[in-house]
Each structure stands twice: as C-alpha cells, then as structure tokens.
Amino acid sequence: MFDFQYFAPTRVVFGRGVEARTGQLIRELGVSRVLIHYGGQSAVRSGLLNRVAASLDEAGIAHIELGGVVPNPRLAKVREGALLARQFGAELVLAVGGGSVIDSSKAIAYSLAEPEEDVWDLYARKRKPRGCLPVACVLTIAAAGSEMSNSSVITNEETGEKRGYRSDLCRPKLAIMNPELTVTLPAYQTAAGCTDILMHTLERYFTQGGNMELTDQIAEGLMRTVMKNALILRDHPSDYDARAEVMWASSLSHNDLTGLGADGMDFVSHGLEHELGGMFDVTHGAGLSAVWPSWARYVCRDCLPRFVKFARNVMEVEPGRSDEETALRGISALEDFFRSIHMPVTLKELGVEPTEDQILAMAASCAKGAGGKKGTAKLLYEADMAEIYRLAR
Ligand code: NZQ
Ligand code: ZN
C-alpha cells in the first residue's frame, strides 16, 4: 500500500426531508449572507428552491438567487455569479442542484476569494488558488460526487475547452442529501449518474499498485452496489432505498476513499469524455460509457491482474482459459450492464460521429490538458487517445 493523505471535511446530512434544515445548518457555519445557485427549471418546478429559501429566511440568512447553470457548466455563468455575489456580499455559495451547479458554485467561490485574478487561469493550470469561499449544497442528482470532491469542471464556451481543477480548498463544507429529491430525475439522467459513480471508482481501480486489500474491498462493494441499485431504479424509479444507496455511493466514489493507497488514478476515460463534452456537449455519464469499453480493451493487457480481479470480484464472470480471456469477459460484462441501463457503449450510440480531424483535435487537447500523457493502467499519449476515439466510433 502506498502512503496517502485522506481529507474529507464535508459535513454530510443525509435522509428524508433534510433540506428543511438548510437554514439552521448554514447558520452553524457562522454565515449570514448566501448566494443560492441553481440550474434550469427542475428545482423551481419541484418547489425545492422555495423550500430552501424559506428555510434560510427562517434562520435569518439573507440570500440572493442565480439560476441558469447548464450541464457542462459555462464560464460566463461563473463570471456572472461572481459579480452578483460580490455586490451582494455573499459569504457562502449554496448550490441547489447536481454536479454542474456545485461545480459552478465552486468556481464562483474561487473567484470571490481572489477577485483580482481570472478564475479560468486555475482551470488552464496557469496558477494555484490562495483561497475559496465556503460552498454548501442541497444535492438533487446522484452522479458527479462534487458534493464531497475536491474537483470542479468548467467549460470555457469561447475556446470549447472543458477543464477540471482539483484543490482541497473547494471541498464543500456541507452536503445536504435527501434521496427523495432524485425521484423526479429522467431515467436517462439516473442511469448516466449511476455510470459516472461507477466510473469514479473504476478510474481509481485500474492501477499498477500492490496490496490494497481494504480499499479494494470497499471499491468492489461500491461497484456491485451501484450496479444492483441502478437496475432496481431502471424498473422502480421511486424505490427510496435504491435512491439512497446510489446517492451515498455518489459521494463515496469520488471523495477519494475508493482509491486510498493506490499508485495514483487513471482518469483517462474522464479526460476523453471531457473533450467530447467540450466539443459536442454530451451528458457526462453517457460520454463515459461510450468510451470506456474501447479504453479498457486498449489497455487491459498492460494491467492484466487488475482486470482479472475486476472480472472475478465485480462482474463475477466465469474464468476463461487464460487471464486475458477472463479480463475481456469482464469488460464485455460491464458493457452489457451499460446496455441494460440504456447507456451508449459507442460514440455512434452516444449520437456523436466525429470526423478524423475532430478526433485528432480532441486527442491533442486531451493530451495537452494532461501535460502530454495520462494513465495508471497504461500510460497513454496523444496517438493512443486518438486510437481509442477511433475504436469507440
Ligand atoms: O438544470 P436542471 O433543470 O436542474 O436539470 C438537471 C440537468 O438537466 C437535471 N436534474 C438535476 N437534478 C434533478 C434534475 N432533473 C429532475 N429532478 C432532479 N432532482 O439533471 C441534468 C444534469 O444535471 P447535472 O448537474 O449536469 O448532472 P451531474 O451531477 O451529472 O453533473 C455533471 C457535471 O459534473 C461534472 C461533469 O463533467 C459535468 O459537467 N463532473 C464533476 C465532477 C466533480 N466536480 O467532482 C466529477 C465528475 O467526474 C464530472 O466530471
Ligand atoms: Zn465523472
């Protein structure tokens, strides 16, 4: 097991109706002025936004609201939010929504801590942040794990770049998580969310690391739990327990727990998806399932012990005549699972047919964003990334 540091500073308040306590919980953070940030119409339609605002009023917390965050959240909205929050004197950004809203909130919170700097410089790796205002969230979709993660992902609509930035400074102080709030999700978003949750642990699982018995068992248990409950939600979308299992998995899958002691994280599939998101504005989880099988078949021979372990312990396949055959059976089994929850397993199924020039552009941008190379299962370069896009067509 490699040395590690684990930092999970988020207070999680989980269960039915917990959003009614938002005001009191934010009060306990010593905050009295808040920007409420939200997305399109879902939180308005469900009445959640009004309930959260009423809870803040009850606790005597002044607030201002800014909606309009779109999936693959845009830099222009971050700039708008930062200006508004600064004029209002916000001391905390409260995200009411999913990963996109939380990530936009994190970017606003970075901007507020350093108003003289351009926040995009963080995502462009030009500087490091010195601070970040506190962020809290009322989570409405189990997926990205941003409610406990140190990451935020923003799309610069002027350049078409979708870039993530990681720093412990932006980990939310408070995550209010009521699984009931996710019942209104369209089936496609529920399935894409489950895919993303699964992927956050998969990205940490395929390493060249040595013995990580406990971490591996947590990771394998999480992946089995997500797949089991994703199938329950496909057939019974209102099942509270399945919603709850998936929501908790969302947080644990991306707060670093499932990769502790590994020799790093792979995250090539995420890198490839971010380019698809930047160029074609696809749903994040669906973009991941569309590239993962091609990535896995491309790298598995270089990371065979982990792919065999995955095939046996997670996908529970019959062993093949060789380790390679077992590994390939595991990959096919996960591909079948994606199909069973109606997630795409090729770019065509995702609705995207990139030209060769677009493939080369995405591979170049992906490699550049990663400093030239990326991957723990197998270190990949620009040419490898282009080849995986081709295989995924
Ligand atoms: O905008 P509204 O109307 O709220 O609709 C949203 C949106 O269309 C809808 N939705 C959310 N909660 C709902 C609901 N509809 C009905 N009922 C509800 N309760 O769902 C759609 C997707 O929302 P979004 O916030 O985009 O989903 P998700 O949580 O999957 O976030 C995706 C973004 O997070 C980034 C992705 O790249 C993508 O930009 N990621 C962030 C990470 C992080 N910060 O740690 C890690 C991830 O790997 C990921 O990259
Ligand atoms: Zn993700």
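Some values worked out for this structure:
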| read-out | value |
| --- | --- |
| Gly330 being buried (at least 20 other Cβ atoms within 10 Å of the Cβ) and within 16 Å of ligand 1 (Cβ to nearest atom) | no |
| Checking Ser238 against (1) within 13 Å of ligand 1 (Cβ to nearest atom); (2) under 17 Å from the mean Cα position of the chain (by Cα), the condition it does not meet | (2) |
| Segment 133-160, residues that are within 16 Å of His37 (Cβ to Cβ), in a loop (DSSP other than H, G, I, E, B) and either without any contact (Cβ under 8 Å) to a residue 60 or more places away in the chain or near ligand 1 (Cβ under 8 Å from one of its atoms) (or both) | Leu133, Thr140, Ile141, Ala144, Ser146 |
| Qualifying residue in segment 243-250 (condition: near ligand 1 (Cβ under 10 Å from one of its atoms), buried (at least 23 other Cβ atoms within 10 Å of the Cβ), assigned to a helix (DSSP H, G or I) and of a type in the set (Ser, Thr, Tyr)) | yes |
| Single match in Arg163, Arg130 (criterion: outside any strand (DSSP E or B), open to solvent by 20 Å² or more (accessible area, probe 1.4 Å) and either out of contact with any Ser or Thr (no Cβ under 7 Å at 6 or more places or on another chain) or within 16 Å of ligand 2 (Cβ to nearest atom) (or both)) | Arg130 |
| Residue that is more than 7 Å from ligand 1 (Cβ to nearest atom), out of contact with any Leu (no Cβ under 8 Å at 6 or more places or on another chain), on the phi < 0 side of the Ramachandran plot and free of Cβ contacts under 8 Å to residues at least 12 places away in the same chain, where the choices are Gln208, Gln217 | Gln217 |
| Candidate set from segment 278-322 (those that are within 16 Å of ligand 1 (Cβ to nearest atom) and in a loop (DSSP other than H, G, I, E, B)); member that is most open to solvent (accessible area, probe 1.4 Å) | Asp281 |
| Candidate set from segment 64-101 (those that are small (Gly, Ala, Ser) and part of a helix (DSSP H, G or I)); member that is farthest from ligand 2 (Cβ to nearest atom) | Ala85 |
| Hits in segment 1-29 (condition: part of a loop (DSSP other than H, G, I, E, B) and either open to solvent by less than 50 Å² (accessible area, probe 1.4 Å) or within 19 Å of Ser105 (Cα to Cα) (or both)) | Ala8, Pro9, Thr10, Gly15, Gly17, Leu29 |
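The values are calculated or read from the model by the stated rules, or taken from the named source; none is laboratory data. These figures come from a predicted structure and were not determined experimentally. Note that each Cβ is placed from the backbone with ideal geometry, even for glycine, and that neighbours are counted across all protein chains shown. These area figures cover heavy atoms from the full protein model, side chains too; ligands, DNA and RNA do not enter into them. Shrake-Rupley method; radii C 1.70, N 1.55, O 1.52, S 1.80 Å.
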